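The values are calculated or read from the model by the stated rules, or taken from the named source; none is laboratory data. Just so it is clear, the model here is predicted, and its values are computed rather than measured. Every residue, glycine among them, receives a Cβ derived from its backbone with ideal geometry; neighbour counts consider all protein chains shown.
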Amino acid sequence: MKVIFLGTGDFSATVLKAVYASHHTVCAAVAQPDRKNARNGRVIPSPVSLFAEENSIELFKFERIGEGAEALKALNADVMLTASYGQMLPDEILSLCPYGVINTHASVLPKYRGASPIQAALEAGDAETGVSVMRTVKKMDAGDVIKVSKIKLTGDENSAECFEKLAVIAGSLVVEALDELESGKAVFTPQNESEATYCKKLKKSDGLIDFTLPALTVHNKVRAYYGFPGTYFEYRGRIVKIIRSSVGADAGAAPATVVCSDPKRGLKIQCASGSGVLTAELVQGEGGKVMSASDYLRGHKIEEGSVIG
């Protein structure tokens, strides 16, 4: 099948590579316009843009996808495929190809429709997650499902690790879906709307830690928000990010109390009464490198008995 691929980031690029390596033909790729890096102002091409350019795939970067309707129609593709593209598709795009548009989504639909399904599954402490391939319709992530693949979660992996694993699964799964579409064997299963749940687009402020919550809840947030937006607390005017954590035995202190702050014994903060302490294993100070909490405490004092928040 002739495929127009729409995507932008690392997850998208992994899916694109799988389709490109299959017997299907990627006749064009569409990525979000390149953006300037917030730190140095340099324009950085997206992973999808880089792969397309390296493999001589025709590349488009529309500010609004509707602007490209005529250019994409001229390609005479059979189907459009999206993977974390980041724009809602208007009717003129949805109806452009004979087989319409199919999408990969990193959850077991109808659970976690929306922008942050991997983070939502980890934050909720789910025992499994997965990838769904479905037909794209006007309602967000609500189309009939073609393929689903699930994986078990250990309770320790972070969002980056899940992204990497699920991207590989998504690539294989979408190639299978294209094969079934081509052969006429694809089965479209409607989603159960009564079971639909939604997840939000994350922002930096979402990463602020509330140590009055149960320790496992805080730990799952650290796992889920790894990378962006990150999880952090403020101590005497300093922002401290927690990169990796674990849950320890309850210390019997008031919630949000620093119960251990020692280079030899580490950094431990009591969470909700009876729920345990959060042990900060890897941390990062403002403008600093990621390091063990012990190393951080050698240069930055956090008083035992102080209350965070």
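Within the stretch 237-249, the residues that satisfy the criterion of being without any contact (Cβ under 8 Å) to a residue 40 or more places away in the chain and not polar (S, T, N, Q) are G237, V247, G248, A249.
Assessment of the stretch 228-236 against the conditions (assigned to a helix (DSSP H, G or I) and in contact (Cβ under 8 Å) with a residue 12 or more places away in the chain) yields no matching residue. Only residues that are outside any loop (DSSP other than H, G, I, E, B), closer than 18 Å to V174 by Cβ and not basic (K, R) were counted across the stretch 108-162, and they come to 14.
Having 1 or more residues that are of a type in the set (A, V, I, L, M, F, W, C) and within 26 Å of the chain's Cα centre (by Cα) is the bar; report the strands (runs of 3 or more DSSP E) wholly within the stretch 239-309 that clear it.
Ranges flagged: 277-285, 290-292.
Scanning the stretch 266-291 for residues being surrounded by fewer than 20 Cβ atoms within 10 Å (Cβ to Cβ) and either touching a residue at least 24 places away in the same chain (Cβ under 8 Å) or closer than 16 Å to I308 by Cα (or both) gives a total of 11. Scanning the stretch 228-254 for residues that are under 15 Å from V277 (Cβ atoms) and either surrounded by 20 or more Cβ atoms within 10 Å (Cβ to Cβ) or hydrophobic (A, V, I, L, M, F, W, C) (or both) turns up F233, I242, S245, V247, A249, A251, A253, A254. When K150, K185, K165, K111 are checked against the criterion of being assigned by TED's automatic domain parsing to the domain that holds A28, of a type in the set (K, R), in contact with a strand residue (DSSP E or B) (Cβ under 6 Å, 6 or more places away or on another chain) and at pLDDT 95 or above, K150 stands alone in meeting it. Of the listed requirements (1) part of a helix (DSSP H, G or I); (2) of a type outside the set (K, R); (3) in contact (Cβ under 8 Å) with a residue 60 or more places away in the chain, I93 misses just one: (3).
Yes/no per residue for (1) assigned by TED's automatic domain parsing to the domain that holds S273; (2) free of Cβ contacts under 8 Å to residues at least 60 places away in the same chain; (3) of a type outside the set (K, R):
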| position | (1), (2), (3) |
| --- | --- |
| G171 | no, no, yes |
| A177 | no, no, yes |
| L181 | no, no, yes |
| F211 | yes, no, yes |
| H219 | yes, yes, yes |
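Residues in the stretch 266-287 that are farther than 15 Å from F233 by Cβ and modelled with pLDDT under 95: G287 only. Applying the condition of being among the aliphatic types (A, V, I, L, M) and in contact with a Lys or Arg (Cβ under 6 Å, 6 or more places away or on another chain) to the stretch 127-178 and asking which residue is nearest to K221 (Cα to Cα) yields M140.
The condition of being assigned to a helix (DSSP H, G or I) and either free of Cβ contacts under 8 Å to residues at least 60 places away in the same chain or surrounded by 13 or more Cβ atoms within 10 Å (Cβ to Cβ) (or both) holds for only one of V48, V26, V3, that being V48. Just so you know, in the stretch 126-138 the residues that are at pLDDT 95 or above and loosely packed, with under 15 Cβ neighbours inside 10 Å include one that is farthest from D91 (Cα to Cα), and it is A127.
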